[in-house]
Amino acid sequence: MPTAEDTKKQGNLNPEREYAPSKIVCVGRNYVEHISELGNELPNQMVIFCKPNSAITDVLHAFNGERLHYEAEICYIIEAGKPVAVTCGLDLTKRELQADLKTKGLPWERAKGFDGSALFGPFVALEDIQQELTIELYVNGTLRQQGSTSMMLHKPENILREIGTVMTLDDGDIVMTGTPAGVGEVVAGDNYMARILAAGEEIISCSWLAV
């Protein structure tokens, strides 16, 4: 299993310049504490939904029809059916709309797949999907979210296997693996810094100033 230093040496990838994702495939309800904080039920099977590639942006908006919530996630980029790089991402959510859609048994795309709902840092190359990773999100320097692949109900390798039973992952597609507890409202003017650690060492970090 590669160390954090090995991962750093593998180099960076830029998803917007070197790849053109056809879609972003997301996993919902993948951390028990996050399921509890939203009052959701533990799902019987993996929750999968998609965002279009038009969701990708580098501007963190606090409002889009309603106040938005942040969800920090470990994200993988796919090539030849395998994850080749990892980064931290933000899944932006229209929480009030999502709650209304869930109550009515309707799909989430209006609350999850709107333009500007997905932000990603630079991707760092990855050789082993089984390497344990931890994501942290700080808001104005205060830790708000923290979770690791070991805490996931569905581990990354199982996520890719399950997605493969539903749809094909094309080169450049991005997989978002779910968010740990601590989600909250995006506030204009606040600074959001996410980072991923391997073996306790930071391998990638990125920051966004909410507008």
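Only one of the numbered conditions (1) in contact with an Asp or Glu (Cβ under 9 Å, 6 or more places away or on another chain); (2) over 22 Å from Y76 (Cα atoms) is violated by E127, and that is (2). Within the range 14-35, residues that are modelled with pLDDT of 90 or more and buried (at least 21 other Cβ atoms within 10 Å of the Cβ) reach partners that are charged (D, E, K, R) and assigned to a loop (DSSP other than H, G, I, E, B) with beta carbons closer than 8 Å, at six or more positions or on different chains, in the pairs P21/D170; P21/D173; I24/D173; V25/D173.
One line per residue, one yes/no per condition, for (1) at pLDDT 95 or above; (2) part of a strand (DSSP E or B):
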residue	(1), (2)
L153	no, no
D170	yes, no
T179	no, no
G182	no, no
V187	yes, no
A194	yes, yes
L197	yes, yes
S205	yes, yes
W208	yes, yes
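Do you know which of the residues in the range 76-133 that are in a strand (DSSP E or B) and of a type in the set (G, A, S) is surrounded by the most Cβ atoms within 10 Å (Cβ to Cβ)? Filtering the range 76-133 for residues that are in a strand (DSSP E or B) and of a type in the set (G, A, S), the one surrounded by the most Cβ atoms within 10 Å (Cβ to Cβ) comes out as G89.
Taken as a whole, the range 159-169 holds no residue that is in contact with a Leu (Cβ under 7 Å, 6 or more places away or on another chain) and more than 18 Å from I48 (Cα to Cα). When the criteria are applied in full, R144 fails the requirement of being part of a helix (DSSP H, G or I), surrounded by 14 or more Cβ atoms within 10 Å (Cβ to Cβ) and at pLDDT 95 or above.
The values are calculated or read from the model by the stated rules, or taken from the named source; none is laboratory data. Remember, predicted model here, so these are calculated numbers, not experimental data. Please note: Cβ atoms are built from the backbone with ideal geometry, for glycine as well, and neighbour counts cover all protein chains shown.
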